[in-house]
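Worksheet: one structure, shown below.
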Amino acid sequence: EMASLVDAVYIASPHETHYEYAKAMLQAGKDVLCEKPAGLSKSQTQELYDLAKACGLVFMEAVKTAYCPGFKALVDIVKSGRIGRVVDVEAAFTRLTPVNTREYQAPVYNGSMLEFGSYVLLPAIRLLGTDYREVSFKSIRAVNGADAYTKVMLDYDNAMATGKTGLGAKSEGQLLISGTNGYILAQSPWWMNKKFEVRYEDSNKREVYEYPYESSGLQYELIVFVSEILKRNGVGEG
């Protein structure tokens, strides 16, 4: 009934419902913006993207950091070669959360990695790609088995990346990108990317960049989502 009343949907329900809701809406011919994680497995997520493509629909995972001005500028600077070849990416996202909340509800579809993993993996995948040789996880579990603190490590041919997520332990929420000519430090909370610095061997040489991050940041991903729909409908690029 709802599908008959709308043109597009934004799914912000509990993790375990994302796949079924998104699939139902895509099958109903609706464009979908879905909160992360879009699915609980690679096969689920791939199915959703394949279904959207087959139906000519827009399907986006709502990782708002990917679309905010500061992060886009940071990626452009890295890809310009300013800090040389990237050899290491480290990102952290932690928040101390009571164990009787949704985030801990069940180990299958809750926990720190499913809550924050999309954020900490974003800079690694965006800058180093998906051709990693190995991925490994180390977790500290809550009493019900859900991960309270997890570190994910990606091993590439000539680079590495680490992501830290936590609901039951606190760490510095920064992003550090190490290169052969310098490094970039985005200070906590890096996922808003309001400010970051490019630093070099000469400690007196540093470049400071500041960007807006308005309200909740949801508008940045919504702008891209709507723009993709308009483009698909032949309305234009903006």
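In the range 1-68, counting only strands (runs of 3 or more DSSP E) that sit wholly within it, the ones holding 1 or more residues that are of a type in the set (Gly, Ala, Ser) and touching a Cys at 6+ places or on another chain (Cβ under 7 Å) span 59-62. Note on the range 72-101: residues that are out of contact with any helix residue (DSSP H, G or I) (no Cβ under 9 Å at 6 or more places or on another chain), of a type outside the set (A, V, I, L, M) and within 30 Å of Ser13 (Cβ to Cβ) amount to 2.
Inspect all residues belonging to the range 131-149 and state whether any of them is of a type in the set (S, T, N, Q), more than 18 Å from Pro37 (Cα to Cα), in contact with an Asp or Glu (Cβ under 6 Å, 6 or more places away or on another chain) and open to solvent by 40 Å² or more (accessible area, probe 1.4 Å).
Yes, some residue in the range 131-149 is of a type in the set (S, T, N, Q), more than 18 Å from Pro37 (Cα to Cα), in contact with an Asp or Glu (Cβ under 6 Å, 6 or more places away or on another chain) and open to solvent by 40 Å² or more (accessible area, probe 1.4 Å).
Can you tell me which residues in the range 14-56 are in contact (Cβ under 8 Å) with a residue 60 or more places away in the chain and farther than 27 Å from Ala92 by Cα? Give the steps one after another, and end with the answer.
Just the residues of the range 14-56 that are in contact (Cβ under 8 Å) with a residue 60 or more places away in the chain, to begin with: 14-16, 31, 33, 36-37, 40, 56.
Asp31, Gly56 - these are the residues of the range 14-56 that are in contact (Cβ under 8 Å) with a residue 60 or more places away in the chain and farther than 27 Å from Ala92 by Cα.
Residue pairs whose Cβ atoms lie under 6 Å apart, separated by 6 or more positions or on different chains, with the first residue in the range 212-226 and among the polar types (S, T, N, Q) and the second at pLDDT below 95 and open to solvent by less than 70 Å² (accessible area, probe 1.4 Å), do not occur.
Select from the range 30-52 the residues that are of a type in the set (Gly, Ala, Ser) and open to solvent by 40 Å² or more (accessible area, probe 1.4 Å) and list them in ascending order. If the condition is that a residue be of a type in the set (Gly, Ala, Ser) and open to solvent by 40 Å² or more (accessible area, probe 1.4 Å), then Ser41, Ser43 are the ones that fit. Of all residues in the range 58-77, which are touching a strand residue (DSSP E or B) at 6+ places or on another chain (Cβ under 9 Å) and crowded, with 20+ Cβ neighbours inside 10 Å? Scanning the range 58-77 gives Val58, Phe59, Met60, Glu61, Ala62, Gly70, Phe71, Leu74. In the range 179-238, of all residues being assigned to a loop (DSSP other than H, G, I, E, B) and among the basic types (Lys, Arg), the one that is surrounded by the most Cβ atoms within 10 Å (Cβ to Cβ) corresponds to Lys194.
Can you say whether Glu90 is under 20 Å from the mean Cα position of the chain (by Cα) and at pLDDT below 95, as far as the supplied structure shows? Full working, then the answer.
Details: under 20 Å from the mean Cα position of the chain (by Cα): yes; at pLDDT below 95: no.
No: the conditions fail for Glu90.
When every residue of the range 85-98 is checked against the conditions, none turns out to be in contact (Cβ under 8 Å) with a residue 40 or more places away in the chain and under 28 Å from Lys231 (Cα atoms).
Yes/no per residue for (1) of a type in the set (Gly, Ala, Ser); (2) farther than 22 Å from Thr17 by Cβ; (3) in contact with a Ser or Thr (Cβ under 9 Å, 6 or more places away or on another chain):
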position	(1), (2), (3)
Leu96	no, yes, no
Asn100	no, no, no
Val108	no, no, no
Met113	no, no, yes
Gly117	yes, no, yes
Ala124	yes, yes, yes
Leu128	no, yes, no
Asp131	no, yes, no
Lys138	no, yes, yes
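Checked against the criteria, Val99 counts as part of a loop (DSSP other than H, G, I, E, B), open to solvent by 30 Å² or more (accessible area, probe 1.4 Å) and out of contact with any Leu (no Cβ under 6 Å at 6 or more places or on another chain). Being in a loop (DSSP other than H, G, I, E, B) and open to solvent by 30 Å² or more (accessible area, probe 1.4 Å): is that true of Tyr109 here? So Tyr109 passes the test.
The values are calculated or read from the model by the stated rules, or taken from the named source; none is laboratory data. Predicted model only: the values in this text are computed from it and were never measured. Note that we place each Cβ from the backbone using ideal geometry, even for glycine, and neighbour counts take in every protein chain shown. Just so you know, the surface numbers come from the protein's heavy atoms only, side chains and all, with ligands and any DNA or RNA stripped out. Shrake-Rupley method; radii C 1.70, N 1.55, O 1.52, S 1.80 Å.
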